[in-house]
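Before any comments, here is the structure.
The values are calculated or read from the model by the stated rules, or taken from the named source; none is laboratory data. Not measured: the values here are computed from a predicted model. Neighbour counts run over all protein chains shown; Cβ positions are idealised from the backbone, glycine included.
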Amino acid sequence: MDTYENEREQMVTHQIASKGVRDERVLAAMRKVPRHRFVPMDARPYAYVDSPVRIGRGQTISQPFIVALMTELLDVQTEHRVLDVGTGSGYQAAILGELAAEVFSIERHPELAETAEEILSELGYENVQVVVGDGTRGYAPAAPFDRIIVAAAAPSVPQALLDQLASAGRLVIPVGPRYSQRLEVWDRQEARFKRSTNIPVVFVPLIGEEGWED
Ligand code: SAH
């Protein structure tokens, strides 16, 4: 095992499995994806610590546990097409790339999107496509999606994301005021939506037409 593989094993054991994430496919993806490749060079020593890491432009890559929990809640199947809102570093997109058939990841900052895209293609994630745009509007050209995951906090759930969910689709999103939110899980059955609420979280703001103002 190289150093990073060992760090990932420790991360999964002590930060993720120990806090209740049990889905073996999710744990395997967290063991496999080289998280250190998605953080800036000077932050590599902190890539596997139990906290978010700065990635530039005032943004962060989420804490490993939160990535794992949200991915488990998303319940991704191998045939799914997934929309990932807030590409950031591209780490969450890579995790989804391990689990789903196709991933569309949308980011509002072109520079972050570009860096993420480079790393994802270096690592061979051919089923992940990064696009620049306002993810509060979803991504109509590839809709509907079996699963949608949002890595930035919305004041309320963007209608466009509910509209772009396939029937039997699921959306996982942090919702609430600027500095404290709760993870919400929305399930669609044809025209009906059911919401359940998960743990309290703190995310950077989702900025856009159906999110916060810049
Ligand atoms: N999933 C990321 C975490 C990114 S943090 C990772 O694994 O690294 C949230 C990201 O959402 C930031 O990069 C921010 O620029 C982006 N963001 C905020 N509002 C957005 C919007 N309306 N559309 C797309 N991206 C948005």
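Here is how the numbers come out for the structure above:
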quantity	calculated
Test: residue in the stretch 10-20 that is within 29 Å of Val157 (Cα to Cα) and within 15 Å of the chain's Cα centre (by Cα)	no
Answer residue from the stretch 168-205, given it is under 26 Å from Pro52 (Cβ atoms) and aromatic (Phe, Trp, Tyr) and is nearest to the ligand (Cβ to nearest atom) among those	Phe203
Subset of the stretch 11-40 [of a type in the set (Gly, Ala, Ser) and surrounded by 19 or more Cβ atoms within 10 Å (Cβ to Cβ)]	Ala29
Number of the condition not met by Glu210 [criteria: (1) exposed (fewer than 11 other Cβ atoms within 10 Å of the Cβ); (2) touching a Ser or Thr at 6+ places or on another chain (Cβ under 9 Å); (3) of a type in the set (D, E, K, R)]	(1)
Residue satisfying condition, being over 11 Å from the mean Cα position of the chain (by Cα), at positive phi, of a type outside the set (Ser, Thr, Tyr) and within 12 Å of the ligand (Cβ to nearest atom), within set Gly138, Gly88, Gly124	Gly138
Number of the exception - Leu165 against (1) in contact with a helix residue (DSSP H, G or I) (Cβ under 8 Å, 6 or more places away or on another chain); (2) more than 15 Å from the ligand (Cβ to nearest atom)	(1)
Yes/no for Gly88 being buried (at least 24 other Cβ atoms within 10 Å of the Cβ), touching a Phe, Trp or Tyr at 6+ places or on another chain (Cβ under 9 Å) and of a type outside the set (S, T, N, Q)	yes
Extreme residue, nearest to Arg57 (Cα to Cα), among residues of the stretch 1-40 that are touching a strand residue (DSSP E or B) at 6+ places or on another chain (Cβ under 9 Å) and not aliphatic (A, V, I, L, M)	Pro40
Residue tally, condition within 10 Å of the chain's Cα centre (by Cα), of a type in the set (Asp, Glu) and either more than 8 Å from the ligand (Cβ to nearest atom) or surrounded by fewer than 24 Cβ atoms within 10 Å (Cβ to Cβ) (or both), over the stretch 76-85	0
Matching residues, the stretch 91-121, being more than 8 Å from the ligand (Cβ to nearest atom) and in a loop (DSSP other than H, G, I, E, B)	Ala100, Ala101
Residues of the stretch 47-67 classified as within 12 Å of the ligand (Cβ to nearest atom) and assigned to a helix (DSSP H, G or I), total	3
Any chance Glu79 is modelled with pLDDT of 95 or more, of a type in the set (D, E, K, R) and not in a loop (DSSP other than H, G, I, E, B)	no
Subset of the stretch 157-209 (residues that are in contact with a Gly (Cβ under 9 Å, 6 or more places away or on another chain), in a loop (DSSP other than H, G, I, E, B) and not β-branched (Val, Ile, Thr))	Pro158, Gln164, Phe203, Leu206, Gly208
Test set (1) farther than 25 Å from Leu165 by Cβ; (2) more than 12 Å from the ligand (Cβ to nearest atom); (3) aliphatic (A, V, I, L, M); (4) not in a loop (DSSP other than H, G, I, E, B) - Leu73 fails condition number	(1)
